[in-house]
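What follows is one structure encoded as structure tokens, with my remarks underneath.
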Amino acid sequence: MTSFSDISDRLGDLAIEVPSWAYGNSGTRFKVFGSAGTPRSVEEKISDAAAVHRFTGLAPSVALHIPWDHVDDFGALSTYAKEQGVELGTINSNTFQDDDYKLGALTHTDPRIRQKAIDHHLACIEVMNQTGSRDLKIWLAEGTNYPGQGDIRARQDRLAEGLRTIYDQLSDDQRLVLEYKFFEPAFYHTDVPDWGTSYAHVAALGDRAMVCLDTGHHAPGTNIEFIVAQLLRLGKLGSFDFNSRFYADDDLIVGAADPFQLFRIMVEVIRGGGFGAKADGTSNDVALMLDQCHNIEAKIPGQIRSVLNVQEMTARALLLDTESLDVARSDGDVLRANEIFMDAFYTDVRADLAAFREERGLPADPMRAYLASGYQEQIEADRVGGAQLSWT
Ligand code: AOS
Ligand code: ZN
Ligand code: ZN
């Protein structure tokens, strides 16, 4: 049996990157709701992200989305973030909000538009050079809506060429992570619909190109932990975009829809060496990030709940008695193996986690501590006037 004290050191390695866009207003195509205290600047988004880290100790970096988070001086923004207690992390490109990209960006038939999309990514790399970010995350909204609309094979060739040009501009300590998504906004075919397509492209690019797995980007019933295991086996799992889905790309709080799935994913991450600092002290190849939008719930508590959910399922996954499991598996004892697995999942770690946090100078209950802190009231009073930022 593994006890909580056996896993607490490893659990201390957990770090989850939060997305800047989680702090802006978001919604559905029906309505974006505004809420008091919503950031009006990139700096205010970073302050909110830093609040999540202060109360949880779990979120030391913030991902930026360009051009949503464009500022004139990214070096100064980086310094500002450090003063707040966080780092700037992954830089996300955006080729989905410009009329030129209606029929494609890196895959477009027009070389001028392809070049524009490439130039945007090169500008993102320039931002990374100033922020010290390791990862360029590329999610492409490209595809077609009708059979016959595009030459799906030629689009792959153009995509490969564009990715190559971008990849070649990365420095030795930078990486490209390519996200896949099985549908939306294109509905007939998507140019990077699945992990296999993402893998094919990043494998062709080289060692510093990896796959990004967004947990919301699969068809219902997909065994996501199998994909995790396979990508780790291939050395190509670069990062996660964690969220929950019921129907589509719902971007809900991770662990809200199916905590057992999150547990199973974390078991495979740990099993595959994707968790915690590497033996040489460098950061792990697998970056754990959130990709969520808070449409109806409060944003900062929504992010606090998210990172706590990851922490709770990671703790349970670390508690898995892998030695006994190996024995049961070797014995062909199906029911015992399943029982050991479920025992870890069903372990209530909440009291241990509260003590774990207090030992580290953090509040035992970060959610209650945040709500009692006055931070929310303060930003609601301070952030009047100016335009609130939205997801878009
Ligand atoms: C879009 O569906 C993807 O999840 C991307 O990661 C995207 O950049 C992010 O959701 C922000 O819109
Ligand atoms: Zn995503
Ligand atoms: Zn998504």
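Taken together, the values in this text are just the output of simple stated rules run on the coordinates, not laboratory data. What you see is a predicted model, and the numbers here were worked out from it, not measured in a lab. Using ideal geometry, Cβ is built from the backbone for each residue, glycine included, and neighbour counts are taken over all protein chains shown.
The alpha carbon gyration tensor of segment 112-201 gives principal lengths a ≥ b ≥ c with a/c of 1.5 or higher and a/b greater than b/c, which makes the shape prolate.
Quick one: longest stretch of the chain between exposed loop chymotrypsin sites (Phe, Trp or Tyr not before Pro), exposed meaning at most 11 other C-beta atoms within 10 Å and loop per DSSP? Longest stretch, sites excluded: 31-186.
Shown here for segment 1-71: trypsin sites (Lys or Arg not before Pro) in loop regions (DSSP other than H, G, I, E, B) with at most 11 other Cβ atoms within 10 Å, namely Arg29, Lys31.
Under 5 Å from the amide H of Asn92 lie the amide H atoms of Leu64, His65, Ile66, Lys137, each residue being 5 or more positions distant or on a separate chain, with H modelled from the backbone and absent for Pro and chain starts.
Order of Asp280, Asp207 from fewest to most other C-beta atoms within 10 Å?
Asp280, Asp207
Each residue of segment 133-144 was assigned a 3J(HN,Hα) from its phi angle through the Karplus expression (A = 6.51, B = -1.76, C = 1.60, θ = phi - 60°), giving 6, 7, 10, 9, 9, 10, 10, 10, 8, 9, x, 10 Hz with x at Gly and Pro. Taken over segment 240-362, the ratio of Cα radius of gyration to 2.2 N^0.38 Å equals 1.17. Each residue in Ser330, Ser198, Ser8, Ser20 was given a count of other beta-carbon atoms within 10 angstrom of its own, and listing them fewest first yields Ser330, Ser8, Ser20, Ser198. Our summary gives segment 23-105 a relative contact order of 26 percent, counting only alpha carbon pairs under 8 angstrom and 6 or more residues apart. Neighbour counts of C-beta atoms inside 10 Å place Ser390, Ser47 in the sequence Ser390, Ser47, starting with the fewest. The HN-Hα couplings worked out from phi for segment 182-198 by the Karplus form 6.51 cos²θ - 1.76 cosθ + 1.60 (θ = phi - 60°) are 7, 6, 6, x, 7, 10, 7, 9, 10, 6, 10, x, 8, 5, x, 5, 4 Hz, whole numbers, x standing for Gly and Pro.
What share of Cα pairs, in percent, lie more than 31 angstrom apart in the chain? Beyond 31 Å sits 37 percent of the P(r) for the chain.
Rounded, prolate or oblate: which fits segment 295-345, taking a ≥ b ≥ c as square roots of the Cα gyration tensor eigenvalues, rounded meaning a/c under 1.5, else prolate when a/b beats b/c? Prolate, because a/c is 1.5 or more and a/b exceeds b/c.
For segment 15-31, 3J(HN,Hα) computed residue by residue from phi via the Karplus equation (6.51, -1.76, 1.60; θ = phi - 60°) reads 9, 10, 7, 9, x, 4, 6, 5, 8, x, 5, 9, x, 10, 5, 8, 5 Hz, glycine and proline entered as x. Taking all C-alpha pairs of segment 1-120, those more than 25 Å from each other amount to 43 percent. Look at the dipole of the chain built from charges on Cβ: of Thr95, Val127, His65, the Cα furthest out on the positive end belongs to Thr95. Checked against a 21 Å cut-off, the cross-linked pairs Lys45/Lys299; Lys45/Lys236; Lys45/Lys82; Lys31/Lys181 give Cα-Cα distances beyond that limit for Lys45/Lys236; Lys31/Lys181. Only aspartates and glutamates eight or more places from Lys102 in sequence, or on another chain, were considered; those with a Cα closer than 15 Å are Asp110, Glu142, Glu184, Asp191.
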